[in-house]
1. Considering only the range 398-419, how many residues are modelled with pLDDT under 90 and surrounded by fewer than 16 Cβ atoms within 10 Å (Cβ to Cβ)?
2. Restricting the range 217-236 to residues that are modelled with pLDDT of 90 or more and surrounded by 15 or more Cβ atoms within 10 Å (Cβ to Cβ), which is farthest from residue 275 (Cα to Cα)?
3. Kindly provide the set of residues from the range 444-476 that are closer than 19 Å to residue 89 by Cβ and in contact with a strand residue (DSSP E or B) (Cβ under 7 Å, 6 or more places away or on another chain), ordered by number.
4. Inspect all residues belonging to the range 336-352 and state whether any of them is without any contact (Cβ under 8 Å) to a residue 40 or more places away in the chain and either crowded, with 17+ Cβ neighbours inside 10 Å or assigned to a loop (DSSP other than H, G, I, E, B) (or both).
5. Does residue 373 count as in contact with a helix residue (DSSP H, G or I) (Cβ under 7 Å, 6 or more places away or on another chain) and touching a residue at least 60 places away in the same chain (Cβ under 8 Å)?
6. Do the conditions hold for residue 219, that is, is it closer than 22 Å to residue 291 by Cβ and out of contact with any helix residue (DSSP H, G or I) (no Cβ under 6 Å at 6 or more places or on another chain)?
7. From the list 119, 52, 100, 78, which residue is modelled with pLDDT of 75 or more and within 30 Å of residue 216 (Cα to Cα)?
């Protein structure tokens, strides 16, 4: 009985170790050539990803030649560096599409908070004839237009349905550079440390559409408050390109040396997106909450030019090329919210200070571990203000121009690649991004045609150290 329990315990421990080591082993096989062929025509064996290097940790000079699996070989894996950056990039795409959806919801809140029954506009929590509170003016000495008597009363109907649709596109470019220390086999025995410059440059483009339906209930607790609750569905498609470069090592005269290497990783993603949202508004105050899931399929391909150390002291590095492809699922789940307060400075000018946060969790499907990809988390905080300038175009149409300025920062970037000895201890792109304060500017024009139909168009730009992004959105809405 005791021997049986011991055998079962050993089996459990072995199973846990297997689950911990298999993802690393898969990444080691997928991102490095097991038996690279060098520019000299020689071949070595037993190469795997170790500490960011494709290496066999071979024997020092004087040992077996490459054909026999010997001598120290080490090449920086640009594909591994790009893989470490890929998770954050796909999360960033999700957060930008989420921000766009939030802005669409903000416009829904504006529309609903100012809607009344046909022929009336909202003023002081009640519907009256004439201009809306945001744009109407009453000349000095002239009595205000009287509010309609019963049965108009409060906003109606008590439950209002609306449908809307939005098209969007976005582009983002990033870059980061740094250096890494690598330990490689030294001639004559032991190891030596090499200081290798590394850099990463990325581009990401996304297009898609969303449409949604929601219900608005007015007068929950006060005449001025209300809640909007709804669902949206859509589809997004895009691609990410990650280019890396490395070397040469800073002291190429001291063998073994690494030359220049490079890699290019392309990832195309596409899939449906679904969201549930709620907005509460009460007079000047509003709060929104959004839960969104992007269910994507990710197709990745890479080409890596590897620079290996030479088997003979003082000789230039050797080079070898390696490529691979893969497909796997990715689900990005986001929770986002904002708090807003509107200050009316003038009948034709208002300001809305706002603060908010977004959290995204990435979950990869089968096959991702083979490329070193692992679940990840990203937290972003933001704050700023929106300025609105309503203008009456004609008797029915109101145009509102809004200018938004926000500062935001990714305060947490965690995970994204298989942990352990295979990869670099740090993520170059994540380290360059985490804690950085970025800026975002948005210009939007919204048209309310006075017949419960509206439209909007907006453009935005964002940037900061190593980052530039731009995008646009356009949409329509119908209130039933």
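1. Selection size over the range 398-419: 4.
2. Taking the range 217-236 as the starting set, the residues that turn out to be modelled with pLDDT of 90 or more are 227-236.
Subsequent filtering for residues that are surrounded by 15 or more Cβ atoms within 10 Å (Cβ to Cβ) retains 227-228, 230, 232, 234, 236.
Numbers: 227: 17, 228: 14, 230: 8, 232: 5, 234: 9, 236: 13 Å.
Applying the filter and picking the extreme gives 227.
3. The answer is 460, 461, 462, 463, 464, 466, 467, 468, 469, 470, 471.
4. Within the range 336-352, the first condition is being without any contact (Cβ under 8 Å) to a residue 40 or more places away in the chain, and the residues that meet it are 345-346, 351-352.
This time we only want the ones that are either crowded, with 17+ Cβ neighbours inside 10 Å or assigned to a loop (DSSP other than H, G, I, E, B) (or both), so: 352.
Within the range 336-352 (the criterion being without any contact (Cβ under 8 Å) to a residue 40 or more places away in the chain and either crowded, with 17+ Cβ neighbours inside 10 Å or assigned to a loop (DSSP other than H, G, I, E, B) (or both)), the answer is yes, since at least one residue qualifies.
5. Details: in contact with a helix residue (DSSP H, G or I) (Cβ under 7 Å, 6 or more places away or on another chain): yes; touching a residue at least 60 places away in the same chain (Cβ under 8 Å): yes.
Yes: the conditions hold for residue 373.
6. On the way: closer than 22 Å to residue 291 by Cβ: no; out of contact with any helix residue (DSSP H, G or I) (no Cβ under 6 Å at 6 or more places or on another chain): yes.
So residue 219 does not fit the description; no.
7. Numbers: 119 fails: modelled with pLDDT of 75 or more; 52 fails: within 30 Å of residue 216 (Cα to Cα); 78 fails: within 30 Å of residue 216 (Cα to Cα).
None of the other options fit; the residue is 100.
The values are calculated or read from the model by the stated rules, or taken from the named source; none is laboratory data. Remember, predicted model here, so these are calculated numbers, not experimental data. Methodologically, a virtual Cβ is constructed for each residue, glycine included, from the backbone with ideal geometry; neighbour enumeration extends over all protein chains shown.
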